[in-house]
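The values are calculated or read from the model by the stated rules, or taken from the named source; none is laboratory data. Treat the numbers as computed from the prediction; the structure is a model and nothing was measured. A quick note on method: Cβ atoms are made from the backbone with ideal geometry, for glycine too, and the neighbour counts reach across all protein chains shown. Surface areas here come from the heavy atoms of the whole protein model, side chains and all, with no ligands, DNA or RNA. Shrake-Rupley method; radii C 1.70, N 1.55, O 1.52, S 1.80 Å.
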Amino acid sequence: KLEYLILDDNELSGTVPSEIDSLINLKYLYINWNYFLGTMPNAICKLQDFKLIELVADCRAENGTVRLECSCCTACCNASNCYQMN
C-alpha cells in the first residue's frame, strides 16, 4: 500500500490529477515546486478523512498570483520556501 507520494520538483504541469483520491492509504503527498494550476480537487482533500497527514503544494502567492488554490494543504510553497498552514 502506497503511503508516501513524493513528486516535488519534477516540472509537472496541468491540473492535479483527481485520480490520486484512489490512494486511500496515502499519508504524505508532496506535489510542490511543479507547475500545477487551478484548484486542488476536493476528492484529494477528502483523503484527510482517511489517513492523509501532510499535503504540500504550490499554493502560496508569488507576485500576487496563486497558481494552485488549496484549502486543505498542510503547507503551501512558492518558488523558494514552504510555509506551514494552520
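Filter the range 73-86 for residues that are among the hydrophobic types (A, V, I, L, M, F, W, C) and farther than 14 Å from Tyr28 by Cβ and give the result. Within the range 73-86, Cys76, Cys77, Ala79, Met85 meet the criteria. Restricting attention to the range 52-63 and to residues that are at pLDDT below 95 and out of contact with any Cys (no Cβ under 8 Å at 6 or more places or on another chain), the residue that is farthest from Asn81 (Cα to Cα) turns out to be Asn63.
For the range 66-84, the set of residues classified as closer than 20 Å to Asp21 by Cβ and part of a loop (DSSP other than H, G, I, E, B) consists of Cys70, Ser71, Cys72, Cys73, Thr74, listed by residue number. Beta carbons closer than 6 Å, at least 6 apart along the sequence or on distinct chains, pair a first residue in the range 73-84 that is closer than 16 Å to Met40 by Cβ with a second that is acidic (Asp, Glu) and part of a loop (DSSP other than H, G, I, E, B) for Cys77/Asp58. Hey, can you tell me all the residues within the range 8-65 that are open to solvent by 70 Å² or more (accessible area, probe 1.4 Å), among the hydroxyl-bearing types (Ser, Thr, Tyr) and part of a helix (DSSP H, G or I)? Answer for the range 8-65, where residues must be open to solvent by 70 Å² or more (accessible area, probe 1.4 Å), among the hydroxyl-bearing types (Ser, Thr, Tyr) and part of a helix (DSSP H, G or I): just Ser22. One residue is enough: does the range 67-75 have a residue meeting the conditions surrounded by 13 or more Cβ atoms within 10 Å (Cβ to Cβ), hydroxyl-bearing (Ser, Thr, Tyr) and touching a Phe, Trp or Tyr at 6+ places or on another chain (Cβ under 7 Å)? Within the range 67-75, none of the residues are surrounded by 13 or more Cβ atoms within 10 Å (Cβ to Cβ), hydroxyl-bearing (Ser, Thr, Tyr) and touching a Phe, Trp or Tyr at 6+ places or on another chain (Cβ under 7 Å).
A Cβ distance below 8 Å, combined with a sequence gap of six or more or placement on separate chains, defines the contacts here; from the range 40-66, residues that are free of Cβ contacts under 8 Å to residues at least 24 places away in the same chain reach no residue that is of a type in the set (Gly, Ala, Ser) and open to solvent by less than 20 Å² (accessible area, probe 1.4 Å).
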